[in-house]
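Participant: Sharing a structure below in structure tokens format, with a few things to ask.
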Amino acid sequence: MSLIINDLHAGIEDMPILKGLNLEIPKGEVHAIMGPNGSGKSTLSKVITGHDTYEVASGSVTMDGEDLLEMEVDERSREGVFLAFQYPAEVPGVSNANFIRAAMEARQPEGEELDAVAFYKNLYAKMDILDMDRKFTSRAVNEGFSGGEKKRNEILQMMMLEPKYCILDETDSGLDIDALKIVARGVNAMRTTERGFLVITHYQRLLDYIQPDVVHVMADGKIVKSGGKELALELEASGYDFLKADDLVGA
Ligand code: ADP
Ligand code: MG
Ligand code: MG
């Protein structure tokens, strides 16, 4: 069981951004993608989840054998792929608790109701892991939240929805070290053999707290290098200059 991306070409109008990307994330593993700004990391996460800005020219994305590209955005999310955005959106007028509850209700099997008592018990337990104040449940989604609070709230949504595959796109950007540790604690609490993660980050720091099984380097719309977690440390030390050096020798 895996999320498999095969020779994916995608972009906007006539501008290619992803140029033959291959990636396989088996359940139970955490894969990190690092890479220079503009290499297409966010585009990849949005193509997987079905953002309508991007057009897929060729290639495939399958989740446990199912064709994701054939599905509408909400169907992909119901089937189990979740994206925590780099810039989480505000949803004015809808409380956090109701937002999460509605999303969970949409995932209930036909004819089964979500038990309200169990829901709140579950919600509070997860908020405790994330050090979130109970007052967050009644506040409108992300409205007036600080950057760190929005990110924590995204992780809370993810923990409640229990997706099969979780994608985090620079969830660490703008977080101080304490907030980063809390986000990592939430993600680590979700790690099981039944779930895969794609953690996109520009910095190695997050990977001190969310230890990846595999690290990939993305450049110019492709995965150009893959390795173990030590690759992230190498990148931190030497930067992405090796990408240019490789170009020179035509690798
Ligand atoms: P990364 O997340 O690695 O920084 P992005 O996926 O955000 O990279 O962007 C890859 C390239 O595609 C960049 O050159 C960016 O300017 C361009 N791009 C991405 N989305 C859009 C968009 N909606 N409109 C115009 N250009 C875009
Ligand atoms: Mg960027
Ligand atoms: Mg990005």
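The values are calculated or read from the model by the stated rules, or taken from the named source; none is laboratory data. These numbers come from a predicted model, not from an experiment. All Cβ positions, even for glycine, are placed from backbone atoms using ideal geometry, and neighbour counts span all protein chains on display. Side chains included, ligands, DNA and RNA excluded: accessible areas come from the protein's heavy atoms. Shrake-Rupley method; radii C 1.70, N 1.55, O 1.52, S 1.80 Å.
Participant: Could you say whether any residue in the stretch 131-154 is small (G, A, S), assigned to a helix (DSSP H, G or I) and more than 24 Å from D208 (Cβ to Cβ)?
Facilitator: Going residue by residue through the stretch 131-154, those that are small (G, A, S) are 138, 140, 144, 146-148.
Keeping just the survivors that are assigned to a helix (DSSP H, G or I) gives 147-148.
Adding the requirement that they be more than 24 Å from D208 (Cβ to Cβ) leaves none.
No, there is no match, as no residue in the stretch 131-154 is small (G, A, S), assigned to a helix (DSSP H, G or I) and more than 24 Å from D208 (Cβ to Cβ).
Yes/no matrix, rows are residues, columns are (1) touching a Lys or Arg at 6+ places or on another chain (Cβ under 7 Å); (2) more than 29 Å from L175 (Cβ to Cβ); (3) not aromatic (F, W, Y):
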site	(1), (2), (3)
E66	no, yes, yes
L69	no, yes, yes
D74	no, no, yes
S77	no, no, yes
G80	yes, no, yes
A89	no, no, yes
P92	no, no, yes
A97	no, no, yes
R101	no, no, yes
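Participant: Does D208 satisfy the condition of being open to solvent by 50 Å² or more (accessible area, probe 1.4 Å) and within 16 Å of ligand 3 (Cβ to nearest atom)? Reasoning before the result, please.
Facilitator: On the way: open to solvent by 50 Å² or more (accessible area, probe 1.4 Å): yes; within 16 Å of ligand 3 (Cβ to nearest atom): no.
When the stated conditions are applied, D208 does not pass them.
Participant: Output the strands (runs of 3 or more DSSP E) that fall wholly within the stretch 9-114 and possess 3 or more residues being open to solvent by 20 Å² or more (accessible area, probe 1.4 Å) and modelled with pLDDT of 90 or more, or say none.
Facilitator: Working: elements: 15-26, 30-34, 55-63, 81-84, 91-95.
Filter on the stretch 9-114 gives 15-26, 55-63.
Participant: Another question, then. Only one of (1) surrounded by 21 or more Cβ atoms within 10 Å (Cβ to Cβ); (2) free of Cβ contacts under 8 Å to residues at least 40 places away in the same chain; (3) outside any helix (DSSP H, G or I) fails for M159. Which number is that?
Facilitator: So M159 meets the others, but not (3).
Participant: While we're looking at this one, here's another question. Only one of I100, I129 is under 26 Å from G50 (Cα atoms), in contact (Cβ under 8 Å) with a residue 60 or more places away in the chain and either within 16 Å of ligand 3 (Cβ to nearest atom) or over 17 Å from the mean Cα position of the chain (by Cα) (or both); which?
Facilitator: I100
Participant: Answer yes or no: is there a residue in the stretch 131-142 that is open to solvent by 60 Å² or more (accessible area, probe 1.4 Å) and within 16 Å of ligand 1 (Cβ to nearest atom). Walk me through how you get there before you give the answer.
Facilitator: Step one: filter the stretch 131-142 for residues open to solvent by 60 Å² or more (accessible area, probe 1.4 Å), giving 131, 133-135, 138-139.
With within 16 Å of ligand 1 (Cβ to nearest atom) added as a condition, the list becomes none.
Checked against the condition, which is being open to solvent by 60 Å² or more (accessible area, probe 1.4 Å) and within 16 Å of ligand 1 (Cβ to nearest atom), the stretch 131-142 yields no hits at all.
Participant: Looking at A232, A179, A184, A219, can you tell me which residue is closer than 11 Å to I33 by Cα, out of contact with any strand residue (DSSP E or B) (no Cβ under 6 Å at 6 or more places or on another chain) and buried (at least 17 other Cβ atoms within 10 Å of the Cβ)?
Facilitator: A219
Participant: (1) touching a residue at least 12 places away in the same chain (Cβ under 8 Å); (2) open to solvent by 60 Å² or more (accessible area, probe 1.4 Å); (3) more than 27 Å from G50 (Cα to Cα): which one isn't true of T193, the others all being true?
Facilitator: For T193, the failing item is (3).
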